[in-house]
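The values are calculated or read from the model by the stated rules, or taken from the named source; none is laboratory data. The structure presented is a predicted model; accordingly, all values stated were derived computationally and were not measured. Because the Cβ atoms are built from the backbone with ideal geometry, glycine has one as well, and the counts that use them run over all protein chains shown.
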There are 2 protein chains.
Amino acid sequence: MKFSEIGEFGFIESIKKECIASLKDVIKGIGDDCAVFGPYSGRVLLFTTDMLIEDIHFLMDKITPYQLGWKAIAVNLSDIAAMGGRPLFILLSLGIPVEMNVELIQDIYKGMKDICEHYTVNVLGGDTVASPDKLIINISLIGDAKEKEVIYRSGARPGDKIYLTGNVGDSSAGLKILKTEISPPNSIGSHFIKVHNEPNPLIETGRIIATSGLAGAMIDLSDGLLSDLGHICKQSGVGATLFRSKIPLSSKLKLLASRVKFNPLDLALSGGEDYILLLTVPEAKTHDLELLFKDKRPSPLYLIGEIREKEGIGMVNDDGSTEEIGVKGFNHFIS
Amino acid sequence: MKFSEIGEFGFIESIKKECIASLKDVIKGIGDDCAVFGPYSGRVLLFTTDMLIEDIHFLMDKITPYQLGWKAIAVNLSDIAAMGGRPLFILLSLGIPVEMNVELIQDIYKGMKDICEHYTVNVLGGDTVASPDKLIINISLIGDAKEKEVIYRSGARPGDKIYLTGNVGDSSAGLKILKTEISPPNSIGSHFIKVHNEPNPLIETGRIIATSGLAGAMIDLSDGLLSDLGHICKQSGVGATLFRSKIPLSSKLKLLASRVKFNPLDLALSGGEDYILLLTVPEAKTHDLELLFKDKRPSPLYLIGEIREKEGIGMVNDDGSTEEIGVKGFNHFIS
């Protein structure tokens with residue numbers, strides 16, 4: 001059987017059960033945004049990694065080198081944000097085509113350096129190697145949090161409300177524009193491209209949620225709303241209902257959709273790389289959460305649905321009817 | 001300028017000064033086998049990463065999938081051994097060609113799992129992605145040690161004795177056989193291929209040295225004896241003298257060299273991937289070190305030279321004369 005036939009999730013499933021040699025100090029292994037271990041001096045460490053390969057995860061002519069460096073770090077920071085942690089240390093592996101210009105690599109590194117400075121993260125080293133043809137970037141990131149602050153995917157319970165901390169779909173629209181699947185005027189398109197190429201990880205938002213102790217489960221949207229909500233449901237052993245009219249779409253996305261004729265909700269549900277947070281909150285705590293966001297304003301906050309006992313994801317239409325929908329996520333691995 | 005013109009070390013040099021945003025908790029950044037941070041509960045954490053790319057670092061027809069998995073982890077464990085640490089947690093990024101057989105990937109994973117079990121290291125997760133054509137493996141490894149146990153490259157002082165914990169050159173001979181640069185009978189060749197493809201990281205040896213407090217500086221031999229000794233010299237601001245007759249060569253290497261006519265000392269000095277430890281020890285402590293190795297027998301121990309004030313590396317010939325030699329290391333990046 002070929003790798004393309006089982007894909008990432010199938011492969012991970014096949015190795016998952018065998019990977020822990022000793023449970024000592026392991027709080028969370030495979031199955032969340034970060035692995036968690038410790039505690040050390042009352043804090044736990046969060047550990048995450050991402051590999052980005054040219055022509056699979058990025059195209060050199062669709063993103064500037066500076067943006068590529070920024071984004072490579074941003075998507076990892078977002079995994080720390082998703083668990084409520086504080087990012088600390090990075091190791092950076094670069095596989096560099098021998099013919100690549102050093103200036104271009106330095107621009108990539110400038111983007112990395114700037115985002116690291118912005119979030120006070122240290123690059124402690126890494127590995128720089130030659131690559132036969134493609135540029136390869138692997139980031140390993142360590143963060144920390146107090147043990148009881150960490151928010152896992154597995155903490156959603158029936159009745160919990162589901163919130164998003166921003167709009168969904170803009171990044172995915174940016175990708176469609178970059179791939180020239182849609183071709184709006186530049187004046188409209190540049191916003192989406194910027195959202196797609198320069199994501200801002202919601203570290204502060206994640207920290208505010210984590211220290212409040214109000215959330216049951218949390219994840220960052222990288223695969224797409226339905227897919228990532230599906231991860232929460234699977235890890236928590238629950239299902240979810242979304243309210244169609246409550247899915248937050250930017251006015252720009254609605255405008256774009258009206259111009260180039262597509263359904264913005266499709267991008268919002270199944271596009272990816274929004275890098276906002278999805279969290280679940282027990283009903284008794286929703287008032288406190290909404291007050292907290294009104295007070296601190298780290299991000300917008302949108303109530304979009306609720307956790308239910310029944311597995312799967314249902315969508316409540318505007319007429320009050322509910323339809324069950326499949327989990328159509330953003331999958332890099334099936335082209 | 002192209003990457004191939006400045007190489008790994010040039011690139012690292014160019015980014016090194018800019019990579020620390022805040023010194024808090026950073027004990028060692030770029031410039032040693034691992035980064036070091038903490039302390040947490042009296043212990044520091046060691047953090048290292050390595051990227052291996054098909055056709056650059058390995059050829060699929062020269063190593064079995066099982067060996068590849070084993071070796072990918074082993075070279076990282078060796079970095080922890082080099083600082084006297086205890087390996088703990090791994091994140092594994094795999095870039096897998098979509099056409100690759102799942103069974104082959106599972107064999108790679110089996111090799112990884114076995115070495116992790118052997119050294120009680122946990123794979124906590126990672127990232128599995130599609131790759132356009134080459135197999136890519138990135139390992140990120142966290143270990144720990146008591147803060148005062150950690151042995152850096154920078155601790156060598158003039159007068160210190162230099163020791164090796166094993167023979168040098170066998171791995172490099174294995175590579176030459178695999179590349180058919182030399183073609184001995186199979187009965188002789190298989191030993192070298194095994195040494196090259198299935199290295200055993202000297203975790204226990206490193207721990208015994210670290211807990212003894214006897215070593216000034218330590219490194220694992222991955223780039224080659226001269227190159228790695230050069231790293232110690234550079235980080236410590238010193239030079240070194242080696243005794244030609246004391247460089248430990250296996251009897252098998254001497255036999256091979258006599259059969260196929262090459263100078264085994266060349267491989268021993270400039271070959272790479274021996275994955276043994278090189279350490280420096282103040283003269284007053286050498287007796288204790290030798291006793292310790294006689295008692296615990298974690299590895300052989302060979303006295304090969306001494307640290308001197310004058311920069312560079314000198315070689316004392318059998319007739320007592322000394323010649324200065326260049327640092328010719330094993331460099332993956334200039335083909």
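Helices (runs of 4 or more DSSP H) fully within the range A:246-335 that include at least 3 residues being out of contact with any His (no Cβ under 6 Å at 6 or more places or on another chain) and over 30 Å from residue A:54 (Cα atoms): A:251-260, A:283-296. The set of residues in the range B:32-47 being in a loop (DSSP other than H, G, I, E, B), more than 14 Å from the chain's Cα centre (by Cα) and either more than 7 Å from every other protein chain (Cβ to nearest Cβ) or in contact (Cβ under 8 Å) with a residue 12 or more places away in the chain (or both) consists of B:42 alone.
Figure legend. Inter-residue proximity from the range A:166-192: first residues under 18 Å from residue A:266 (Cβ atoms) and without any contact (Cβ under 8 Å) to a residue 40 or more places away in the chain, second residues of a type in the set (Asp, Glu) and buried (at least 20 other Cβ atoms within 10 Å of the Cβ), beta-carbon distance below 9 Å, spacing 6+ or different chains. Indicated pairs: A:174/A:273.
On the given criteria, is residue B:108 more than 9 Å from chain A (Cβ to nearest Cβ), in a helix (DSSP H, G or I) and either more than 23 Å from the chain's Cα centre (by Cα) or in contact (Cβ under 8 Å) with a residue 24 or more places away in the chain (or both)?
yes
Test residue A:91 against the criterion of being in contact (Cβ under 8 Å) with a residue 40 or more places away in the chain, closer than 22 Å to residue A:37 by Cβ and facing chain B (nearest Cβ under 7 Å), and give yes or no. Answer is yes for this residue.
Given the criteria under 24 Å from residue B:325 (Cβ atoms) and at pLDDT 95 or above, does residue B:266 qualify?
For residue B:266, the condition - under 24 Å from residue B:325 (Cβ atoms) and at pLDDT 95 or above - is not met.
When you look at residue B:50, is it surrounded by 20 or more Cβ atoms within 10 Å (Cβ to Cβ), acidic (Asp, Glu) and within 21 Å of the chain's Cα centre (by Cα), yes or no? Yes; evaluated as a whole, the condition is true for this residue. Please verify whether the range A:287-301 includes one or more residues that are at pLDDT 95 or above, of a type in the set (Asp, Glu) and either out of contact with any Ser or Thr (no Cβ under 9 Å at 6 or more places or on another chain) or closer than 13 Å to residue A:230 by Cα (or both). Yes, the range A:287-301 has at least one match. Identify, please: which residue in the range A:101-114 is surrounded by fewer than 21 Cβ atoms within 10 Å (Cβ to Cβ) and among the hydrophobic types (A, V, I, L, M, F, W, C) and is, among those, modelled with the highest pLDDT? So, considering only residues that are surrounded by fewer than 21 Cβ atoms within 10 Å (Cβ to Cβ) and among the hydrophobic types (A, V, I, L, M, F, W, C), the one modelled with the highest pLDDT is A:104. In the range A:285-296, the residues that are over 16 Å from residue A:216 (Cβ atoms) reach residues that are modelled with pLDDT of 95 or more with C-beta atoms within less than 6 angstrom, at least six apart or across chains, in these pairs: A:293/A:301; A:296/A:208. Evaluate the following for residue B:254: is it over 22 Å from residue B:310 (Cβ atoms), among the basic types (Lys, Arg) and surrounded by fewer than 23 Cβ atoms within 10 Å (Cβ to Cβ)? For residue B:254, the condition - over 22 Å from residue B:310 (Cβ atoms), among the basic types (Lys, Arg) and surrounded by fewer than 23 Cβ atoms within 10 Å (Cβ to Cβ) - is met. If you go through the range A:118-143 and keep only what is within 7 Å of chain B (Cβ to nearest Cβ), closer than 14 Å to residue A:75 by Cα and assigned to a strand (DSSP E or B), you end up with A:138, A:140, A:142. When we screen A:151, A:139 for residues that are within 21 Å of the chain's Cα centre (by Cα) and over 19 Å from residue A:228 (Cβ atoms), the only hit is A:139. Among the conditions (1) touching a helix residue (DSSP H, G or I) at 6+ places or on another chain (Cβ under 7 Å); (2) farther than 20 Å from residue B:152 by Cα, the only one that residue B:240 does not satisfy is (2). Number of residues in the range A:184-215 that are of a type in the set (Val, Ile, Thr) and either modelled with pLDDT under 95 or not in a helix (DSSP H, G or I) (or both): the value is 1.
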